[in-house]
Amino acid sequence: MFHDDRFPSEEQQLHFCRAYIAAMQQLLQQDGAAAAEEALAPAGAALAAAVVAGGGGGGSAAAARLLATKAVAHVPLSHLMWALWGLIQAKTSDVEFDYRGYATQRIQRYHATKRAVLA
């Protein structure tokens, strides 16, 4: 089952994002702008620009906040995917597990996190 209390805190999320941004900045320095832009393309132009501008640290903080915001916006989709997986498993799996209950919990988390993202 999903446990909300195990979800990373905002501080933990930002710590991870800062480390990720630092790795992207290192890639930028080692492999050049083209490699970094290719690696950052899925994240969008605003994040790529913040990473490139973030060599001095202030941009890194802005990039980390932007990355964390983008990641949190996708949390509802993760819940939805696992809810659908649970419903499929409830019909097809031979494993003794309450897949329907799991799916119900993930649908509830989908709606709750979607409301939080849209607020």
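The numbers here are math on the coordinates, done by the rules we state, and not lab data. What you see is a predicted model; the values in this text were computed from it and never measured. So basically every Cβ, Gly included, is an ideal-geometry build from the backbone, and we count neighbours across all protein chains shown.
Under a point spin-label approximation (7 Å from Cα along Cα-to-Cβ), what is the S78-S93 distance to one decimal in nm?
With each label placed 7 Å out from Cα toward Cβ, I get 1.8 nm.
Quick check: residue separation of V117 and R100 times 0.36 nm, minus the Cα distance between them. What number comes out in nm?
My answer for the length gained is 3.6 nm.
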